[in-house]
Ligand code: GZL
């Protein structure tokens, strides 16, 4: 009897208290601006436009800059109530966040999807709730294009065509035969739009030019994984002379691994240096490496999508129909003088100093 008495009061008093404590502990919030999870301020007047932003993670400097751009754009002072959720690289977390946004009745959902597949169901739920969805950066693979209002981001295959055109021009200028180019690709997060486009661009260029593309291994867009993958590739191959990194963070890791192995990074391929090329142009250390010639070429991938997303939201708010796919203009950087410009699909791009 006594046990039951205790159990009864434990259930009534202690369990709910425990549940509250656990639920508060579960809401991760980090002090850093780019990772602070902002939950709805219910006291905010309805006059605010509430935007639910599901960001895929914080894996790279590009991602942090992208998140900062969104946080700096959608501020209370400008009439927005921003709900930001970091998916920590997991689609399941992003789907949970979108469902939370739907439940809270946000005015717009902005999604930066970690990978392309598996979004139809939750985007259908947003559509049924009559909440416009704007995709940013990466894309979703769906047959039903009505599941989102529009997308803004980079043309990743064009980024790759720029960098492979630069490689072709440089190696021809140096009289390096195509079959003497032994390339490894440190890919981004597999299944992401950026990885798919950049990988496809290199594979096409290697096939068209007769380059020796020896391996494609994911570095997950991180410095740590980039270094780990590069170390393993150096053990596997003794003739690597070009490393194609699908973002700057991987390139920094790969350079550490190459130098730790006693080899030299640079553009003098004929004298044994290993050339490194990369994407983004956001990370300051990578830009410094590009100025020093440690990274021979960087294709810009611009992360500052906050104002671009705001323009799309304003258009939708005014009853206008934005273009479905909105591409950003991007540059190509190198400190090497041999190549001054490249032409891709009829357009000429001046090579800019990093
Ligand atoms: C590209 C973006 C990629 C960056 C990486 O738009 O999706 O993800 O190139 C980032 O740095 O992690």
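Values as computed for the structure displayed
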quantity	calculated
Gyration tensor verdict on the chain (Cα atoms; rounded if a/c is under 1.5, prolate if a/b is larger than b/c, oblate otherwise)	prolate
Rh by Kirkwood over Cα pairs, then Stokes-Einstein D for the stretch 273-354 at 0.890 mPa s and 25 °C, µm²/s	166 µm²/s
Most fluctuating residue given options 144, 212, 280, as computed from a GNM of the chain linking Cα atoms under 10 Å	144
Pairwise FRET efficiency - residue 157 versus residue 353, Cβ, R0 = 25 Å, nearest 0.05	0.50
Two-site FRET efficiency, residue 337 against residue 203, from Cβ-Cβ distance with R₀ of 41 Å, rounded to 0.05	0.90
Residue with peak Gaussian network fluctuation, the chain [Cα springs, cutoff 10 Å], from 322, 132, 113	322
Relative contact order (%) - the chain, alpha-carbon pairs under 8 angstrom, separation at least six	15 percent
Highest average packing first - 286-296, 336-346, Cβ atoms within 10 Å	286-296, 336-346
Anisotropy class of the stretch 142-253 from Cα gyration tensor, a/c 1.5 cut	oblate
Most fluctuating residue given options 57, 87, 118, as computed from a GNM of the chain linking Cα atoms under 10 Å	118
Mean ellipticity per residue at 222 nm, deg cm²/dmol - from DSSP H runs of n ≥ 4 across the chain, formula -39500 (n - 2.57)	-12500 deg cm²/dmol
Residue 179 versus residue 304: modelled label distance in nm, points set 7 Å from Cα along the beta carbon direction	4.7 nm
Degrees, to the nearest 10: 15-26 long Cα axis against longest axis of the chain	20 degrees
The chain: angle of helix 193-209 to the longest principal axis, Cα-based, in degrees nearest 10	20 degrees
For peptides 146-152, 60-66, sequence by mean Cβ density within 10 Å, most packed first	60-66, 146-152
Separation between Cα centres of the stretch 52-106 and the stretch 149-192, rounded to whole Å	30 Å
Cα long-axis angle, helix 223-236 against the chain (0 to 90 degrees, to the nearest 10)	40 degrees
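Each reported figure results from applying straightforward, stated rules to the coordinates on display, with no laboratory input. Note that the structure is a prediction, hence the values are computed from the model and not measured. Note that we place each Cβ from the backbone using ideal geometry, even for glycine, and neighbour counts take in every protein chain shown.
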